[in-house]
Amino acid sequence: MKQSILVVNCGSSSLKLALFDENENKLASALAERLNRKDAFARIDDDNRTVALPDGANHKQALQALVSALRERQLMPRSPTSIGHRVVHGGETFREAVLIDSKVIGAINDCAGLAPLHNPVALAGIEASREQFPDIPQIAVFDTAYHQTLAPRAYLYALPEAYYRDWSVRRYGFHGISHFFMANEAARRLGKTPATTSIISAHLGNGCSITAIRDGLSVDTSMGLTPLEGLVMGTRSGDVDPGLFGYLASRGMPLNEVHEVLNHKSGLLGISGQTNDMRSLCDLADHGHEPSALAIEIFCFRLAKYVGAMMASLSQLDALVFTGGIGENSSRVREKTLSHLRLLGFNIDADMNEHHGRYSDGRIEHTDSHFPVLVIPTNEELVIAREAARLTTIF
Ligand code: ADP
């Protein structure tokens, strides 16, 4: 193997690694979960053996253990050629991926106030990799960066302007790495260039967001200052009346509890009272569990409203694209969502939808639909690997 790129993705309690060769082939991937807990756990994908971790292992210990295990199993060379890190929040500082140096580390740290659960762990991953591979170039790819092309009319809240000026209160948007991949992959499948392609990209996983992309650039998106705004998600409420905060406070609920409820106990989980998992919700609904059926209804109706809202930013639409665990796999969610959008001219083919577009290069629209509708598996790791390669001139 001549060149290889290691992709490092640190979540609040998890660490994912992926290794690519210079031809964009994925050579290996590995995962550590429940970090900083007694039952921390790690494994290499496609391998039934777990990787031993110390009790309560942190991100640094997990990285060391997984890299050693990948080397022992001869899945990784002594050193990768470059390393790409996913970082959630780049604020207004980062409009694209960058080579990491101490100034960049300082700036990521400065954005930590906007993403207190995510940026510190990304920094832990960066520092651990810099210790382990001191001579290897490392780059950071930001979830917010792709949305830095939003115009003020899309990113400003209707608040006194001092809040933006003094406290950076604005809409940033997230899932930018996935939406960027959709912009490029949809263009490729449509036989166009990204710079002339306009799409609406719906990323529906545990977190959900939708982005209007005009001529390859993000022009509006549903997540805002934090990833709580917008669509209904697994455990997040998405949009609520801001008056709710004052009302709950008047009922005696402390702010940290409001935060906990809106982020972790709402969305599909809150409405169904059972689960945040769309697959389980569909099973429950099929067995007559009405709150689960209602959770799916509300999820799809909110999504349909947002598809309509995203059209305000576009003058042409080359495709509506579904991605993420739900977007890629739930024919029911796609069908229900688009049933609300007949007036706009969306129509999908039942059979192609049922097969998730697998036999039609992702296409699922009916011949009489005004717009193409695509199902495209996301590949955020590949975007990070490509950015690392671009900045270190590998691929
Ligand atoms: P994350 O945001 O954590 O990466 P994913 O993109 O993996 O999440 O999406 C997870 C969601 O995808 C869950 O709600 C899961 O139920 C849903 N999902 C996965 N497979 C299916 C399926 N076959 N049908 C319906 N939903 C699915």
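The values are calculated or read from the model by the stated rules, or taken from the named source; none is laboratory data. Since the structure is predicted, the reported quantities are computational estimates derived from the model, not experimental observations. Reconstructed Cβ throughout: ideal geometry from the backbone, glycine too, with neighbour counts over all protein chains shown.
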Fill in: Out of Leu338, Leu343, Leu320, Leu382, sole residue that is more than 13 Å from the ligand (Cβ to nearest atom), surrounded by fewer than 21 Cβ atoms within 10 Å (Cβ to Cβ), modelled with pLDDT of 95 or more and within 25 Å of the chain's Cα centre (by Cα)
Leu382
Item to complete: Considering (1) part of a loop (DSSP other than H, G, I, E, B); (2) buried (at least 16 other Cβ atoms within 10 Å of the Cβ); (3) aliphatic (A, V, I, L, M), say which one Val104 fails and leave the rest.
Response: (1)
Worksheet item: If you scan segment 114-126, which residues turn out to be closer than 16 Å to Leu66 by Cβ and either surrounded by fewer than 16 Cβ atoms within 10 Å (Cβ to Cβ) or within 18 Å of the chain's Cα centre (by Cα) (or both)?
Response: Val121
Fill in: Hey, Gly238 in a helix (DSSP H, G or I), buried (at least 16 other Cβ atoms within 10 Å of the Cβ) and touching a Gly at 6+ places or on another chain (Cβ under 9 Å) or not
no
Practice prompt. Looking for whichever is part of a loop (DSSP other than H, G, I, E, B) and within 16 Å of the ligand (Cβ to nearest atom) here; the options are Gly288, Gly224, Gly230. Which one fits?
Written response: Gly230
Practice prompt. Confirm whether Gly308 is within 15 Å of the ligand (Cβ to nearest atom), small (Gly, Ala, Ser), closer than 30 Å to Leu150 by Cβ and out of contact with any strand residue (DSSP E or B) (no Cβ under 6 Å at 6 or more places or on another chain).
Written response: no
Worksheet item: If you go through segment 233-245 one residue at a time, do you hit one that is of a type in the set (Ser, Thr, Tyr), touching a Lys or Arg at 6+ places or on another chain (Cβ under 7 Å) and either under 19 Å from Thr144 (Cα atoms) or touching a residue at least 40 places away in the same chain (Cβ under 8 Å) (or both)?
Response: yes
Discussion item. Being surrounded by fewer than 18 Cβ atoms within 10 Å (Cβ to Cβ), of a type outside the set (A, V, I, L, M, F, W, C) and touching a strand residue (DSSP E or B) at 6+ places or on another chain (Cβ under 9 Å): is that true of Arg363 here?
Written reply: no
Worksheet item: Among the candidates Arg279, Arg302, which residue alone is within 24 Å of the chain's Cα centre (by Cα), within 12 Å of the ligand (Cβ to nearest atom) and either more than 16 Å from Val333 (Cα to Cα) or among the basic types (Lys, Arg) (or both)?
Response: Arg279
Practice prompt. Go through (1) within 16 Å of the ligand (Cβ to nearest atom); (2) in contact (Cβ under 8 Å) with a residue 40 or more places away in the chain one by one and return the number of the condition Asp361 breaks.
Written response: (1)
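Here is a yes/no grid of residues against (1) within 21 Å of Leu228 (Cα to Cα); (2) modelled with pLDDT under 95; (3) among the small types (Gly, Ala, Ser):
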{"position": "Gly84", "(1), (2), (3)": "no, no, yes"}
{"position": "Ala97", "(1), (2), (3)": "no, no, yes"}
{"position": "Asp101", "(1), (2), (3)": "no, no, no"}
{"position": "His118", "(1), (2), (3)": "yes, yes, no"}
{"position": "Leu150", "(1), (2), (3)": "yes, no, no"}
{"position": "Tyr155", "(1), (2), (3)": "yes, no, no"}
{"position": "Tyr163", "(1), (2), (3)": "yes, no, no"}
{"position": "His175", "(1), (2), (3)": "yes, no, no"}
{"position": "Ser178", "(1), (2), (3)": "yes, no, yes"}
Discussion item. Between Ser369, Ser313, Ser292, which is farther than 21 Å from Ala183 by Cα, at pLDDT 95 or above and polar (S, T, N, Q)?
Written reply: Ser292
Worksheet item: in contact (Cβ under 8 Å) with a residue 12 or more places away in the chain and under 15 Å from Glu185 (Cβ atoms): does that describe Val375?
Response: yes
Fill in: Search result, residues across segment 1-34 that are under 13 Å from Thr81 (Cα atoms) and not in a loop (DSSP other than H, G, I, E, B)
Ser4, Ile5, Leu6, Val7, Leu19, Phe20, Asp21
Practice prompt. Of all residues in segment 203-221, count the ones that are out of contact with any Pro (no Cβ under 8 Å at 6 or more places or on another chain) and within 12 Å of the ligand (Cβ to nearest atom).
Written response: 5
Discussion item. Restricting to segment 182-213, give me the number of residues that are among the aliphatic types (A, V, I, L, M) and within 20 Å of Ala309 (Cα to Cα).
Written reply: 9
